[in-house]
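Just so it is clear, none of the values below were taken in a lab; they were calculated from the coordinates. Please read all numbers here as calculations on a predicted model, not as lab measurements. Glycine gets a Cβ as well: all are built from the backbone with ideal geometry, and neighbour counts include every protein chain shown.
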Amino acid sequence: MGRSSVLAGLLGLVLLIFAVIDYVAAPQFRFFFLLNLVAGVFAIIIWATSSRASFTSMAGRRARYGANAAIYSIAFVALLVAVNYISSKHHYRFDLTADKIFTLSPQSEKVLQNIKKPIKFYGFFAGGLNAQAQQLYESYTYASPMVSYQMVDPDKHPELADRYKVSVMNTTHIQYGSDEVGNGTNVTDLNESAITNAIIRLVTSVRKVVCVAQDEGEPDIDDSQNANGFGGVATAMQGEGFDVHKISLSTLAAPPAECSILLVAGPTRPLLQHELDLIDNYLKGGGSAFVMFRPPDPNDPNTESGLAKLVGEWGVTAGNDIIVDQVVRMFEGPALGLNPLIDLYGQNPITASFTQRTVFPMTRSVEPTDPVKPGLNVEWLAKTSTTSWAETDLKDLFEHQTAKFDASDRKGPITVADAVSGDLKTLGYAKTGLARMVIFGSTEFADNQYLDNFFNRDFFMNSLEWMIGQGNSITIRPRVMEPSSFALTVTQFGIVFALSVLLLPELLIIMGIAVWWERRT
């Protein structure tokens, strides 16, 4: 008997002894018991099959082969049983899709971590069966032991449909807490975004109100059809527990008291001084404002000059420029682009650990003022790439659709989004309090056309949550199945071109020459 087989036998004996000890002394650690048991059995099998001398008493070679076959068969069956038992006790899912669309998003997992009472899904479907719904519910139960579900056939259980006011088939009732003292809501959309947003509305006790200025040609918050409407972002805000109110700044003495955030997005007419003073006083009183600019109009440069002056008082300089970046088209190379892709982010909680791309179409620069006045903290949130620049020759850009970097332009990276915090006491506006502002150089960033491009929606919603101090809701939201696409930067395009068009053919040619030479000689 070889030394290695003896070692395997000794190790197997030790592993089995510790398996027994784990089983008796530490019943909560069943995984270690199973691991020691399986490994010990296999070590003993290796010892038994290697110690052929112990089988010399058997009648001939056929008996030994039969014994080995029986041992291996028993070992294989034992392995299958052990693997199935371990997997049933320690279930784990693997999601290999690019955007992890079959795994709950970080937002959903964070929401489930913070729930205080049990949640139960009641799925009302014909016959009580729906494979898609069951898979979705199981994703939530897998993420939290506080979640359970029940598939319901409304024809067999009409009392449940009446209790939860379900009148439409394919409805999910979400019950937070017990039926007697808990809260519930019904959802007819069968997707993670709808389910998670419904849970947020159930568990959120803080009222969040976004007041949207609709005076001077801003995008219509009720328009969900046109590309430049803001209906999509209104739906996104409402889905995460925000109330959305349209207001007319020109007719108010002050924003309504219930406004948590004042949204001023891309006016196409100059704001009145009264409107500008109202926004400024709102901030000085401890309010939060979200300001989004349009690109400067060379034919009417004063459209947003008042708004630019206002944010300048709060530490941000809105440039009289448009950001131009290079984009890559296959077989055409770099070309002029006015929709810069962003993958460079600051360390503010809005973008901390944010590695996903966003797109800022038709954006102007919004750079932190240097130096900034005492009491203000201005953080850049997003910057364009090194291939971009801030184009100042707007007339040539708009009239001839051409742009060229020259001495009057600034080379990237260029800041296109900022977060401002103002200590009102230090600023001399109030005895205490904090004002917050988020400033984007692009209004199209959040319109119906671009909101769901890349991770724009997450960036926008994270900004809202930061302004009202809801840090727990700053995260990445549920993804949806979309056609796969990949946008290349100039550098990435160069690498792909070199590898596929140059290096691969070169290697093939070298290998061909080597084979030809070998055969020749």
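Label separation (Asn281 vs Thr268): 3.0 nm, computed from points 7 Å beyond Cα along the C-beta direction. Return the tail of the calculated pair distribution for region 151-256, meaning the percent of Cα-Cα pairs more than 24 Å apart. More than 24 Å apart: 43 percent of the Cα pairs in region 151-256. Cross-linked pairs Lys116/Lys284; Lys309/Lys395; Lys116/Lys431; Lys373/Lys395; Lys208/Lys284; Lys117/Lys165: Cα-Cα separations exceed 30 Å for Lys116/Lys284; Lys116/Lys431; Lys373/Lys395. Shape of region 272-381 from the C-alpha gyration tensor: oblate (a/c of 1.5 or more and a/b not above b/c, with a ≥ b ≥ c the square roots of its eigenvalues).
By the Cα gyration tensor, region 229-282 has an equivalent ellipsoid whose semi-axes, rounded to whole angstrom, run 22, 14, 8 from largest to smallest. Across all directions of projection, what mean area in square nanometres is found for the Cα convex hull of region 341-405? For region 341-405, averaging the hull's shadow over all directions gives 5.9 nm². Working from label points 7 Å from Cα in the Cα-to-Cβ sense, the Ala514 to Arg207 distance is 7.5 nm.
How big is the gap, in Å, between the Cα center of region 437-466 and the Cα center of region 235-275? If we compute the Cα centre of each part, the gap is 16 Å. Based on the alpha-carbon gyration tensor of region 396-472 and its eigenvalue square roots a ≥ b ≥ c, which shape applies: rounded if a/c is under 1.5, prolate if not and a/b is larger than b/c, or oblate? The shape class here is oblate.
Computed from backbone phi, the HN-Hα couplings of region 286-296 come to x, x, 10, 10, 10, 10, 10, 9, 9, x, x Hz, rounded to whole numbers (Karplus: 6.51 cos²θ - 1.76 cosθ + 1.60, θ = phi - 60°; Gly and Pro given as x).
For region 207-232, the residues whose backbone nitrogen is under 19 Å from a point 7 Å from the Cα of Asp297, taken along Cα to Cβ, are 213-221, 227-230.
Fully extending the segment from Leu79 to Ala253 would add 55.0 nm, taking 0.36 nm per residue of separation and subtracting the current Cα-Cα distance. Taking a ≥ b ≥ c as the square roots of the eigenvalues of the Cα gyration tensor, region 186-231 is oblate, since a/c reaches 1.5 or more and a/b is not larger than b/c.
Remark on Ala289: its backbone amide H falls under 5 Å from those of Leu262, Arg436, Met437, Val438, a criterion applied only to residues 5 or more positions apart or on other chains, H modelled at 1.01 Å from N. Over all pairs of different C-alpha atoms, region 140-189 has a mean inverse distance whose reciprocal, the Kirkwood radius, equals 11.9 Å. Partners of Lys383 within straight-line reach, counting lysines whose Cα lies under 17 Å from its Cα and excluding those fewer than 8 residues away in the same chain: Lys411.
Couplings for region 385-397, taken from phi via the Karplus curve 6.51 cos²θ - 1.76 cosθ + 1.60 with θ = phi - 60°, read 7, 6, 8, 8, 8, 8, 7, 9, 7, 6, 5, 5, 5 Hz in order; Gly and Pro are left as x.
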